[in-house]
Amino acid sequence: MIIVEYAYVDDIGAKSAHCHLGISDNEHIPGLTWLAENIKEQGAVPAIQIEHCGRQKFLGTQPICAPSAIPWPMLWEKYGVQAVPRELTIEEIQDIVHAFGDAALRAKTAGFELVEIHGAHGYLLTNFFSPCTNHRTDLYGGSLENRMRIYVEIVRDVRKKVGPDFPVTIRLSGTDYEPDGFTIDDTIALAKVLEKEGIDAFHISGGDHNTMIHQVSPMAIEVCHNVWAAEAVKKAVHVPVIASGSITLPEYAEDIIASGKGDFVGLGRPLWADPEWPKKAEEGHPEDIRPCIRCNEGCLERTFFQYKAITCAVNPTISREGELEIEPAAEPKKIAVVGGGPAGMEAARVCRLRGHDVTLFEEKELGGLLHEASVPEFKADIRPLMKYQICQIEKLGIPVVKKRAQAEDLKDFDAVICATGSAPAELHVPGAEQAHVMSALEVLNGSKKAEGTVAVIGGGLIGTETAIWLAEQGHGVSLVEMLPEIMNGVAATDCMAYQERIAGAGMAVYTDARLEKIGEKEITVKMRKGERSIPADTVVIAVGLKARQSLYEELLADGKKAYLIGDAVKPGKIFDAFHTAYKLAVKI
């Protein structure tokens with residue numbers, strides 16, 4: 001079953017984002033019919049989710065409607081008083097209730113075979129349900145019974161309009177993870193009431209946009225993060241329960257079903273990473289599933305925070321369907337790919353599928369910097385991705401030459417793809433040549449070992465992750481960053497998760513701090529108020545990476561057809577590795 005994204009139910013304050021799907025007017029029915037029919041033609045059951053955004057209106061435009069005039073913190077920081085919701089009147093609440101029922105009827109008319117009411121994730125219904133966002137004193141606020149009243153009224157209105165036999169489900173957060181929010185016991189009480197009102201299944205996840213790491217969990221949060229809540233609800237109701245959230249691999253889904261924690265599993269991001277996830281699982285080829293790594297770079301980060309079209313870090317074809325398909329090459333060529341990191345392996349895979357004769361050169365082990373990146377347990381999602389890529393190289397029979405390719409080795413190839421990656425940037429300060437000074441990559445790959453108290457120089461992604469990893473091993477860690485903030489350019493959910501880990505590990509963080517010199521047992525940094533000495537038995541340098549382009553430049557000088565991808569273009573993220581590699585490989 002495909003549950004289409006939440007669709008807004010009215011034209012007043014329900015729409016939350018640019019390009020948001022609508023079901024608020026009969027004019028939407030033709031397009032929705034086309035969508036439902038397409039889903040049916042592919043052999044799936046079409047369903048649709050209906051919602052009102054409440055205070056979580058990414059557009060930041062009034063009217064913003066909620067039970068109480070309590071703004072979403074992120075929106076307040078961005079828009080100020082413009083983000084303060086208008087407290088709904090009882091008459092307006094009733095209009096919204098009827099809007100949900102009307103939207104459900106439109107869904108049925110359009111050919112959808114199930115409608116799901118969105119009652120989770122900090123949108124309007126949870127704004128009523130959570131004491132954190134509902135300070136009303138009338139019949140829609142105060143007691144648990146009053147706070148769940150709008151749910152009951154909406155379910156009744158929907159059921160009245162779609163009839164007794166049309167499937168209606170509801171999505172609930174087990175908890176909003178707010179310190180003064182609602183608990184799993186509240187949700188169970190709500191589920192019991194809604195079951196009596198005719199809800200056919202419960203779709204359970206968790207969190208709201210203020211606690212985003214519990215809603216769209218990054219890899220720093222454990223997999224299957226909200227399954228515990230699905231299990232709790234399942235024990236209390238007699239209708240099916242859909243478990244959802246960070247269920248990235250078939251083995252996790254199988255365990256949920258087998259252990260009785262849920263009757264169904266819901267997949268969101270994993271279907272962007274690999275739309276054929278269910279088919280490959282069903283046919284017994286889970287090793288061919290391109291796994292979601294929960295980086296949120298192509299999905300959440302682009303849509304919610306940058307207002308860009310959705311895509312996927314590991315699947316560049318998302319939102320480009322029909323434009324970037326893998327098709328046979330017009331003229332098969334003999335291609336060398338130099339570098340077996342994520343970019344090199346992806347380029348080799350796509351070129352081979354297009355019919356090119358491909359040879360992959362890698363002097364070490366396939367995986368490149370994915371090995372170092374996946375060392376911390378909170379980066380473990382990367383390991384299945386690396387396993388998938390290596391498996392595809394092996395299945396396609398792509399020969400791997402285990403050496404550092406020189407120009408001489410590449411003279412017989414028609415084209416060379418340089419995926420030569422990057423190397424740690426050097427930091428030239430007094431004392432940098434000492435034995436207790438090492439790069440973050442050396443610490444992560446085990447070639448050098450940090451001892452005692454550690455100062456990590458550089459608060460970007462690599463520096464922050466290395467510092468957290470060392471601190472959680474018991475080292476006293478100081479993180480030093482020359483800019484006003486750490487984690488610049490890091491995905492919002494990673495920032496949230498890492499800030500929690502930094503606080504829990506008791507790390508010291510110094511910003512606006514420039515390294516001046518390295519001593520035997522301390523470092524000296526220059527800050528706004530003068531110099532400061534920081535204890536450090538080990539100094540870890542993480543001030544960035546530098547692209548390796550010497551082979552590419554040599555090949556060009558010799559008149560060779562050569563291309564750059566991944567970190568060899570510019571040091572970046574897994575997103576950049578896959579996108580540069582794939583988009584080049586489909587064109588050669």
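The values are calculated or read from the model by the stated rules, or taken from the named source; none is laboratory data. Since we're looking at a predicted model, the values are computed, not measured. Heads up, the Cβs are rebuilt from the backbone with ideal geometry, glycines too, and the neighbour counts pull from every protein chain shown. Just so you know, the surface numbers come from the protein's heavy atoms only, side chains and all, with ligands and any DNA or RNA stripped out. Shrake-Rupley method; radii C 1.70, N 1.55, O 1.52, S 1.80 Å.
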How many residues are of a type in the set (A, V, I, L, M), in contact with a Pro (Cβ under 8 Å, 6 or more places away or on another chain) and open to solvent by 40 Å² or more (accessible area, probe 1.4 Å) when one looks only at segment 500-525? 0
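Considering only segment 280-298, state which residues are part of a loop (DSSP other than H, G, I, E, B) and free of Cβ contacts under 8 Å to residues at least 60 places away in the same chain. Full working, then the answer.
Here is the first cut: in segment 280-298, the residues part of a loop (DSSP other than H, G, I, E, B) are 283-285, 289-298.
Within segment 280-298, GLU283, GLY284, HIS285 meet the criteria.
Mind counting the residues in segment 69-87 that are touching a strand residue (DSSP E or B) at 6+ places or on another chain (Cβ under 8 Å) and either at positive phi or crowded, with 18+ Cβ neighbours inside 10 Å (or both)?
Filtering segment 69-87 for residues touching a strand residue (DSSP E or B) at 6+ places or on another chain (Cβ under 8 Å) gives 69, 85-87.
Within this subset, residues satisfying the condition of being either at positive phi or crowded, with 18+ Cβ neighbours inside 10 Å (or both) are 85.
Residues in segment 69-87 being touching a strand residue (DSSP E or B) at 6+ places or on another chain (Cβ under 8 Å) and either at positive phi or crowded, with 18+ Cβ neighbours inside 10 Å (or both): 1 in total.
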Which numbered condition MET438 fails, given (1) in contact with a strand residue (DSSP E or B) (Cβ under 9 Å, 6 or more places away or on another chain); (2) outside any strand (DSSP E or B); (3) closer than 26 Å to GLU520 by Cβ; (4) not polar (S, T, N, Q): (2)
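It is to be established whether one or more residues within segment 312-324 are of a type in the set (Ser, Thr, Tyr), within 30 Å of the chain's Cα centre (by Cα) and buried (at least 20 other Cβ atoms within 10 Å of the Cβ).
In the first step, residues of segment 312-324 are kept if they are of a type in the set (Ser, Thr, Tyr); the result is 317, 319.
Narrowing the set further to residues that are within 30 Å of the chain's Cα centre (by Cα) leaves 317, 319.
Narrowing further to those that are buried (at least 20 other Cβ atoms within 10 Å of the Cβ): none.
So far as segment 312-324 goes, no, none of its residues is of a type in the set (Ser, Thr, Tyr), within 30 Å of the chain's Cα centre (by Cα) and buried (at least 20 other Cβ atoms within 10 Å of the Cβ).
Any chance you could count how many residues in segment 559-579 are under 21 Å from SER374 (Cβ atoms) and of a type in the set (A, V, I, L, M, F, W, C)? Outline the logic, then answer.
Step one: of segment 559-579, the residues under 21 Å from SER374 (Cβ atoms) are 565-568, 571-579.
Pick out the ones that are also of a type in the set (A, V, I, L, M, F, W, C) and you get 565, 568, 574-575, 577-578.
Adding up the residues that qualify gives 6.
Would you mention how many residues in segment 367-417 are aliphatic (A, V, I, L, M) and either within 30 Å of ILE468 (Cα to Cα) or in contact with a Pro (Cβ under 7 Å, 6 or more places away or on another chain) (or both)? Steps first, answer last, please.
Residues of segment 367-417 aliphatic (A, V, I, L, M): 369-370, 373, 375, 380, 382, 385-386, 390, 393, 396, 398, 400-401, 405, 407, 410, 415-417.
After this cut, where a residue has to be either within 30 Å of ILE468 (Cα to Cα) or in contact with a Pro (Cβ under 7 Å, 6 or more places away or on another chain) (or both) as well, the list is 369-370, 373, 375, 380, 382, 385-386, 390.
Qualifying residue count for the region: 9.
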Please state which of the following conditions GLY459 fails to meet, knowing it meets all the rest: (1) modelled with pLDDT of 95 or more; (2) open to solvent by 30 Å² or more (accessible area, probe 1.4 Å); (3) outside any helix (DSSP H, G or I). (2)
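Within segment 195-223, how many residues turn out to be within 30 Å of GLY163 (Cβ to Cβ), open to solvent by 20 Å² or more (accessible area, probe 1.4 Å) and of a type outside the set (Gly, Ala, Ser)?
So the first thing to find is which residues in segment 195-223 are within 30 Å of GLY163 (Cβ to Cβ), and the list is 195-205.
If we keep only those that are open to solvent by 20 Å² or more (accessible area, probe 1.4 Å) too, we end up with 195-198, 200.
Keeping just the survivors that are of a type outside the set (Gly, Ala, Ser) gives 195-197, 200.
The qualifying residues number 4.
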When residues of segment 7-61 are filtered for being of a type in the set (Phe, Trp, Tyr) and open to solvent by 10 Å² or more (accessible area, probe 1.4 Å), how many remain? 2
Selection from segment 398-445 of residues more than 22 Å from HIS371 (Cβ to Cβ), under 37 Å from the mean Cα position of the chain (by Cα) and free of Cβ contacts under 8 Å to residues at least 24 places away in the same chain yields HIS428
For segment 442-456, enumerate the residues that are more than 18 Å from GLU481 (Cβ to Cβ) and in a helix (DSSP H, G or I). GLU442, LEU444
If a residue must be buried (at least 20 other Cβ atoms within 10 Å of the Cβ) and part of a helix (DSSP H, G or I), how many such residues does segment 133-148 contain? 1
Filter result for the condition that a residue is touching an Asp or Glu at 6+ places or on another chain (Cβ under 7 Å) and among the charged types (D, E, K, R), over ARG136, ARG156: ARG156
Go through (1) surrounded by 20 or more Cβ atoms within 10 Å (Cβ to Cβ); (2) farther than 25 Å from LEU194 by Cβ; (3) free of Cβ contacts under 8 Å to residues at least 24 places away in the same chain and name the single condition ILE64 misses. (3)
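Among the listed residues VAL4, VAL115, VAL97, identify the single one that is out of contact with any Gly (no Cβ under 6 Å at 6 or more places or on another chain), under 22 Å from ASP138 (Cα atoms), crowded, with 16+ Cβ neighbours inside 10 Å and modelled with pLDDT of 95 or more.
Values: VAL4 fails: under 22 Å from ASP138 (Cα atoms); VAL115 fails: under 22 Å from ASP138 (Cα atoms).
Of VAL4, VAL115, VAL97, the one residue that is out of contact with any Gly (no Cβ under 6 Å at 6 or more places or on another chain), under 22 Å from ASP138 (Cα atoms), crowded, with 16+ Cβ neighbours inside 10 Å and modelled with pLDDT of 95 or more is VAL97.
Being farther than 14 Å from ALA450 by Cα and in a loop (DSSP other than H, G, I, E, B) narrows it down to one residue among ILE502, ILE486; which is it? Reasoning before the result, please.
Details: ILE502 fails: in a loop (DSSP other than H, G, I, E, B).
Of ILE502, ILE486, the one residue that is farther than 14 Å from ALA450 by Cα and in a loop (DSSP other than H, G, I, E, B) is ILE486.
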Could you look through segment 269-279, keep only residues that are in a helix (DSSP H, G or I) and under 17 Å from VAL223 (Cβ atoms), and pick out the one that is most open to solvent (accessible area, probe 1.4 Å)? TRP272
Restricting attention to segment 375-415, the residues that are of a type in the set (A, V, I, L, M, F, W, C), assigned to a helix (DSSP H, G or I) and within 30 Å of LEU461 (Cβ to Cβ) number exactly 7
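Consider VAL162 carefully, then state whether it is crowded, with 23+ Cβ neighbours inside 10 Å and among the aliphatic types (A, V, I, L, M). Steps first, please.
On the way: crowded, with 23+ Cβ neighbours inside 10 Å: no; among the aliphatic types (A, V, I, L, M): yes.
Spelling it out, it is not the case that VAL162 is crowded, with 23+ Cβ neighbours inside 10 Å and among the aliphatic types (A, V, I, L, M).
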Only residues in segment 169-188 that are within 15 Å of GLY207 (Cβ to Cβ) count as the first member; pair them with residues that are part of a loop (DSSP other than H, G, I, E, B) and acidic (Asp, Glu), Cβ under 8 angstrom, at least 6 apart or cross-chain, and list the lot. PHE182/ASP176
Given (1) within 25 Å of GLU5 (Cβ to Cβ); (2) without any contact (Cβ under 8 Å) to a residue 60 or more places away in the chain, where does LYS196 come up short, assuming only one miss? (1)
Go through THR311, THR303 for me and flag whichever is of a type in the set (Val, Ile, Thr) and either more than 27 Å from ALA547 (Cβ to Cβ) or in a helix (DSSP H, G or I) (or both). THR303
If you check ARG548, ARG528, which single one turns out to be modelled with pLDDT under 95 and open to solvent by 70 Å² or more (accessible area, probe 1.4 Å)? ARG528
